[in-house]
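Undergrad: Quick one: structure below, then a few questions.
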């Protein structure tokens, strides 16, 4: 990517864009999936469990596995039909992240600062890479693959991902890699898509993707979040196309009525070819970080509304599970996926049917 010569100059915008495109085209993350599989993406490698450090952050780091366990134990989903993604490689990550940022992640101290888990700083880097960052890179692979599956099947759910506080240049808030940005950049190149709508309904502002797409009119961002909590990124708020700021304590009825209004506005403002839905469950009543008061049933209804919005617009949808800081989140997500199946908004039985 350059030489050690003091006279070398950074690549031109055109050269940098060509390099990005070539990395995307040579990536192995888009692979053909057998028709017998359903468009649900998950790997046991998503889960973080290492010497108890996962208990030192409020995030439920085994949430992803428990979602699938609920679904398979209850006969909603056949575990043999779940799609396992590939891990995002360094070249995949370089599509968005600068080399310097990835180099910083080789330091346990830097990773500790992003994750806000101080003991990580004292661990050998090899363990941090394998036990902490590897699961995140697997989830990034899942988010990227989800767009391809959604285009083919009409919908896809990555039981993970949604690291919306991470931008190309900076991580934060338990988000190390910018999987939403990567998912969309791959879709631009590999799926010939030019209009993407991000619907971010996590309790926190999605400042990472907002920063990355600040001057990209191909991406329309609708973000409904608690304006009184982290990250309080006022710069990134300027880049939200449709900003819905909630107050702590917002309840289910007000929330769902507001969502109906905002989805109708979004329908009239932008005509997407792909919807990326960041479906954080930290809006749940009792969540220590989200500080909203949305019932479990309200979350299920919320997800149904977004999927119905995409279906009515005849647009493929990617769902990412994002934030959620209570043990009950896994149960609620599993219930929501079950409801989507019952309402025929997704098909967990016949993957050859296109639900658009």
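The values are calculated or read from the model by the stated rules, or taken from the named source; none is laboratory data. Just so we're clear, the structure is a prediction, and the values are computed from it rather than from any experiment. So basically every Cβ, Gly included, is an ideal-geometry build from the backbone, and we count neighbours across all protein chains shown.
Undergrad: Return a yes/no flag: does segment 12-33 have any residue that is surrounded by 11 or more Cβ atoms within 10 Å (Cβ to Cβ), under 19 Å from residue 318 (Cα atoms), modelled with pLDDT of 95 or more and in contact with a strand residue (DSSP E or B) (Cβ under 9 Å, 6 or more places away or on another chain).
TA: yes
Undergrad: Follow-up. Of the conditions (1) surrounded by fewer than 23 Cβ atoms within 10 Å (Cβ to Cβ); (2) closer than 30 Å to residue 273 by Cβ, residue 136 clears all except one; give me its number.
TA: It is condition (1) that residue 136 fails.
Undergrad: Moving to a separate point now. Is it true that residue 160 is more than 20 Å from residue 231 (Cα to Cα) and part of a loop (DSSP other than H, G, I, E, B)?
TA: Spelling it out, residue 160 is indeed more than 20 Å from residue 231 (Cα to Cα) and part of a loop (DSSP other than H, G, I, E, B).
Yes/no per residue for (1) touching a residue at least 12 places away in the same chain (Cβ under 8 Å); (2) in a helix (DSSP H, G or I); (3) surrounded by fewer than 18 Cβ atoms within 10 Å (Cβ to Cβ):
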| site | (1), (2), (3) |
| --- | --- |
| 65 | yes, yes, no |
| 80 | no, yes, yes |
| 92 | yes, yes, no |
| 95 | yes, no, no |
| 102 | yes, yes, yes |
| 106 | yes, no, yes |
| 109 | yes, yes, yes |
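Undergrad: Out of segment 186-208, which residues are within 23 Å of residue 260 (Cα to Cα), crowded, with 24+ Cβ neighbours inside 10 Å and touching a residue at least 60 places away in the same chain (Cβ under 8 Å)?
TA: 196, 197, 198, 199, 200, 201, 202, 203, 204, 206
Undergrad: Do we have residue 258 as out of contact with any helix residue (DSSP H, G or I) (no Cβ under 6 Å at 6 or more places or on another chain) and in a loop (DSSP other than H, G, I, E, B) here?
TA: no
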